[in-house]
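Engineer: Mind looking over this structure? Questions follow.
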Amino acid sequence: MRDSPNATSTPTELTTSGSHPGSTLLRRGLQSGTLLLAGSVVAALLVGAILILWVGENPLYVYWVILTQSLFEASGWRDTLILATPLGIIGIGLAYAFRAGVWNIGAEGQLIVGAITAIAVVSVMQGFPGAVIIVAGLLAGMAGGALWGAIAAFLHVRFAVNAVIATLLMVFIAEPLLNWVVRVPLKDPATFLPQSRTVGNGALPDILGTDIHIGVLFLFMLVPFAAWVMSYTRFGYLIRAHGANRFAVYANESRPGRLPFMLLAMSGALAGAAGFIQLAGVQMRVGSGTAVGFGYTAIIVAILGRNRPIGVFFAAIGLSAMLVGAEAAQRSLGLPVALTQSIQAIVVIFVVAGEAIEQRIVRRESERIAAATAAQLNPGTPA
Amino acid sequence: MIIAEVDIISIAFWATVLAAGVRLAVSVGMAALGEMINERAGVLNLGLDGVMLIAGFAGFAASFETGSPWLGLLVGLIVGATVGALFAQLVVVLRADQVVTGLGLALFGVAFTAFLNREIYGGGSTPPRAPIPGTWEIPILKDIPLLGQSLFSQSQVAYLAIFITILLIVFLQRSYWTIVLDAVGEEPRAADAAGHSVVAVQFIATVAGSALAGLAGALLIVGQLGFFNTNITAGRGFVAIALVIFGRWRPAGIALGALLFGVLDALQFRFQTLDTAIPFEFFIALPFIVTLIAVAFGSRRAREPSALTIPFFRDTE
């Protein structure tokens, strides 16, 4: 029994707060997280509006341009889907890792290495049919990304290096590696630019009747599969349990460190897959367009999707719509990309802040109920 | 004969490398010392890089507009403390997730300063330059072989950083408040029972840590470079977090780690221009590779503060 100073004064509150219709609606909104997410996004857009005003534009007009350019036009839809593909694929891997409490911040490096291994394999396989090259390239990309993730995982699991530090420092090693690879061993001798040869026959074909490459389908197949694994399999259960209490998992279910290792390698593999898809579907070469920050944006995608595959999917679509629209706004209105990136980071901060406030409300509520119940059970207890 | 010649060259070479190493260690070391303070109170600030950029940019603007780099450094310190107070409000008072909030701050810092720089200073490839503090050359001492150049012929900001480092080492060695700081980071319940407010100590430590991180950003941008560019810290804030682990949460160890990183960074610059068989990109990656290996060897023996990233709840709350 806890000594709560106001334990005797709350029984009436217990009954009133329990039956109040407004509060149940509020609570349902809080529980599902949609209210929180919507509130955070609106708050971030308001802050963004201040920045837009400062630049000298009308925020409503800018947001209208972003919305229409990304969602109300066919080309906008296409660009949104194509951009959402790498973000969503990486985001799902990160969501798995984050859900288990394993912080993979280095997806950018894993994507880079995935793209490098993919172009290396694709280059030597040019004689084969397209489908074979694509499958080989995808597998090579995944292997490269998984390798880069596994190095960080090895340092994390074997040497107890903080996962954030290990994965992130590996990015700073991957970037010079990329620069060297396109300058020396994989450089296209036909140009002076530091870039690789094109993927040639390894280019992803478009979905019939559209101009959207088939890599988008990878995301659409991955999302339900990842959601199923997370919710209905033993592996998914272990991930969720690891996030809640890793020591319980280590005591009963899994060798210590095994799950973090697998998750870092797996999220690396998905980042590598995204690296290949972006290479063979959009960029066509490895070069300056390879490392453009998808690995970092995908962190935001995973957090906004609240580490759930379905949520990640919508977060990826939403965020890439925002980016596509913002790029259009940048072309027509001269708005800097950094503005959009600032707003995205503000969304993240507001979401975690909102989550904390939400938990505080829930905690207060449950403590009040506990105190009130205790008071009802023991009416004679002194305050 | 040839050996002697190489020796003479290499002493001069190492003297300049060491001097450059001290210069490059200044900012990253100061940021790591700041991060150490809040981590010892149990607060992980992954947004260190963002704090450095925001405070560094503010400091640059102050320095550029007034022509006084020292004012710029002060502004960097104050803005760092302010950002730290906001961060502490989120993670200490509201108990928001430290990892996610810190990452948000890091991402925000890069994007927001890029935005401000573009709006205010055009954001071009030839950024405007602000004056930087000069160097102090101490006669006679600066001619000491090998070490003279690095210790007695440095930029004034380097002396400032060394002074603050020594101050911190002494203060943390002897102070009653060090015990309170460590108690809050190791055993917050005990600190609470002893009558110390865990929230207050964590808040103050986070503000103090961010103030030093802000100063670190200003030391780099205002004190050494004199100009601003998008993401000019290039991940130094994250290296600083690694250095805290390497230095095992002790100021002397962190200063040593910063020096090691600085010297490697200096070597990297020099090796890039040498015509070796090894590609220069390897040398760019080298400081990070060594940091990673050093942290790997340090992490097993190092024990982070027990309550790091774990929010504290009082029973009665």
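Every number in this text was worked out from the coordinates using simple rules, so none of it is lab data. For clarity, every value in this text was computed on a predicted model and none was experimentally measured. A quick note on method: Cβ atoms are made from the backbone with ideal geometry, for glycine too, and the neighbour counts reach across all protein chains shown.
Engineer: Percent of Cα-Cα pairs more than 41 Å apart in chain A, please. Don't jump to the answer; show the numbers that get you there.
Structural biologist: Working: 16814 of 73153 pairs.
So the portion of pairs separated by more than 41 Å is 23 percent.
Engineer: So, one more: Let me see the P(r) profile for segment A:226-356: every Cα-Cα distance counted, bins of 5 Å, each bin given as a percent of all pairs.
Structural biologist: In order of increasing distance, the bins hold 2, 8, 14, 18, 18, 16, 11, 7, 4, 2, 1, 0 percent.
Engineer: Report the residues of segment A:32-66 in range of a label on residue A:332: point 7 Å along Cα→C-beta, backbone N strictly under 19 Å from it.
Structural biologist: It comes to A:49, A:52-53, A:55-66, nothing else.
Engineer: Note the angle between two axes, namely the Cα long axis of helix B:176-186 and the longest principal axis of the Cα atoms of chain B, as a number of degrees from 0 to 90, rounded to the nearest 10.
Structural biologist: Taking Cα atoms only, the helix is inclined about 80 degrees.
Engineer: For residue A:225 and residue A:255, what is the calculated FRET efficiency with R₀ set at 35 Å and r taken between the beta-carbons, to the nearest 0.05? Before the final figure, lay out each step's value.
Structural biologist: Values: r = 26 Å, r/R0 = 0.73.
About 0.85, to the nearest 0.05.
Engineer: Quick check for me: using +1 on Lys/Arg Cβ and -1 on Asp/Glu Cβ, what's the dipole size of segment B:164-317 about its Cα centre, in debye to the nearest 20? All intermediate terms of the calculation are to be shown ahead of the outcome.
Structural biologist: Details: 10 positive and 10 negative charges, 62 e Å.
Around 300 debye, computed over segment B:164-317.
Engineer: Hey, another quick one. What percent do you get for the relative contact order of segment A:237-334 when only Cα pairs under 8 Å and 6+ apart count?
Structural biologist: Details: 33 pairs, mean separation 10.4, N = 98.
Taking the mean separation of contacting Cα pairs over the length of segment A:237-334, I get 11 percent.
Engineer: At what distance in nm do the modelled label points of residue B:70 and residue A:159 sit from each other, each positioned 7 Å from its Cα along Cα→Cβ?
Structural biologist: 4.4
Engineer: What value in Å³ per residue do you get for the convex hull of the alpha-carbon atoms in segment A:187-252?
Structural biologist: Values: hull volume 12.7 nm³, N = 66.
So the per-residue hull volume is 192 Å³.
Engineer: For the protein assembly as shown, take the alpha-carbon Rg, divide it by the Kirkwood Rh, and send me Rg/Rh. Please report the intermediate quantities before stating the final value.
Structural biologist: On the way: Rg = 26.6 Å, Rh = 27.0 Å.
Expressed as Rg/Rh, it is 0.99.
Engineer: OK, next. Can you give the percent of C-alpha pairs in segment A:309-358 whose distance is more than 14 Å? Don't skip to the end; give the middle numbers.
Structural biologist: Values: 750 of 1225 pairs.
Here the tail beyond 14 Å accounts for 61 percent of pairs.
Engineer: May I pose another question? Where nothing but the Cβ of Lys and Arg (+1) and of Asp and Glu (-1) is charged, how large is the charge dipole of the protein assembly as shown around its Cα centre, in debye to the nearest 20? Show your work: numbers first, answer last.
Structural biologist: Numbers: 38 positive and 36 negative charges, 233 e Å.
Charge dipole, the protein assembly as shown, about its Cα centre: 1120 debye, nearest 20.
Engineer: Right, another one. In peptide A:176-183, what is the residue-averaged number of other protein chain Cβ atoms found within 10 Å of each Cβ?
Structural biologist: Values: counts 10, 5, 1, 5, 6, 2, 0, 3.
Rounded to a whole number, the mean comes out at 4.
Engineer: Hey, rough spin-label estimate for residue A:232 and residue B:163, points 7 angstrom out along Cα→Cβ, what's it come to in nanometres?
Structural biologist: 6.8
Engineer: If you average 1/r over all unlike Cα pairs in chain B and invert the result, what Kirkwood radius do you get in angstrom? Present the calculation step by step, with values, prior to reporting the outcome.
Structural biologist: Details: mean 1/r = 0.0494 Å⁻¹.
This gives a value of 20.2 Å.
Engineer: Here's something else I'd like to know. For segment B:79-98, list residues with backbone N below 14 Å from a point placed 7 Å from the Cα of residue B:197 toward its Cβ?
Structural biologist: B:89, B:92-94
Engineer: For residue B:250 and residue B:86 in the same chain, what is the full-extension length gain: residue separation times 0.36 nm, less their Cα-Cα distance, in nm? Mind dumping the intermediate values first?
Structural biologist: Numbers: separation 164, 0.36 × 164 = 59.04 nm, distance 2.59 nm.
So the chain would gain 56.5 nm between residue B:250 and residue B:86.
Engineer: Choose one answer from B:211, B:193, B:106: the residue with the largest mean-square fluctuation in a GNM of chain B with alpha-carbon springs under 10 Å.
Structural biologist: Comparing B:211, B:193, B:106 in the GNM, the peak value goes to B:193.
Engineer: Please give, to one decimal in nm, the separation of the simple spin-label points placed at residue B:271 and residue B:175, each 7 Å out from Cα toward the Cβ.
Structural biologist: Computed distance between label sites residue B:271 and residue B:175 equals 3.8 nm.
Engineer: Here's another thing I want to ask about it. Assuming 0.36 nm per residue, please report the length gained on full extension of the stretch residue A:360 to residue A:75 beyond their Cα-Cα distance. Numbers along the way, then the final one.
Structural biologist: Values: separation 285, 0.36 × 285 = 102.60 nm, distance 4.37 nm.
Value of the extension gain: 98.2 nm.
Engineer: How high is the relative contact order of segment B:136-204, in percent, with contacts defined as C-alpha pairs under 8 Å that are six or more residues apart? Write out the running numbers ahead of the final one.
Structural biologist: On the way: 36 pairs, mean separation 12.3, N = 69.
Reported as a whole number, the value is 18 percent.
Engineer: Also, I was wondering about something else. Treating the angle as unsigned and between 0 and 90°, give the value, to the nearest 10°, between the Cα long axis of helix B:48-66 and the longest Cα principal axis of chain B.
Structural biologist: 70
Engineer: Just want to confirm a number: the relative contact order over chain B, from Cα pairs under 8 angstrom separated by 6+ residues, in percent.
Structural biologist: Numbers: 582 pairs, mean separation 113.3, N = 317.
The normalised contact order for chain B reaches 36 percent.
Engineer: What's the average, rounded to a whole number, of partner chain beta-carbon atoms within 10 Å of each residue's beta-carbon in B:280-291? Spell out each step's value before the answer.
Structural biologist: Numbers: counts 4, 10, 4, 1, 7, 10, 2, 3, 9, 5, 0, 4.
What the average comes to for B:280-291 is 5.
Engineer: If you don't mind, there's one more thing I want to ask. Bin width 10 Å, origin at 0, all Cα-Cα pairs of segment A:323-383: what percent of pairs per bin?
Structural biologist: For segment A:323-383, the pair-distance distribution reads 19, 23, 17, 14, 12, 10, 6, 0.
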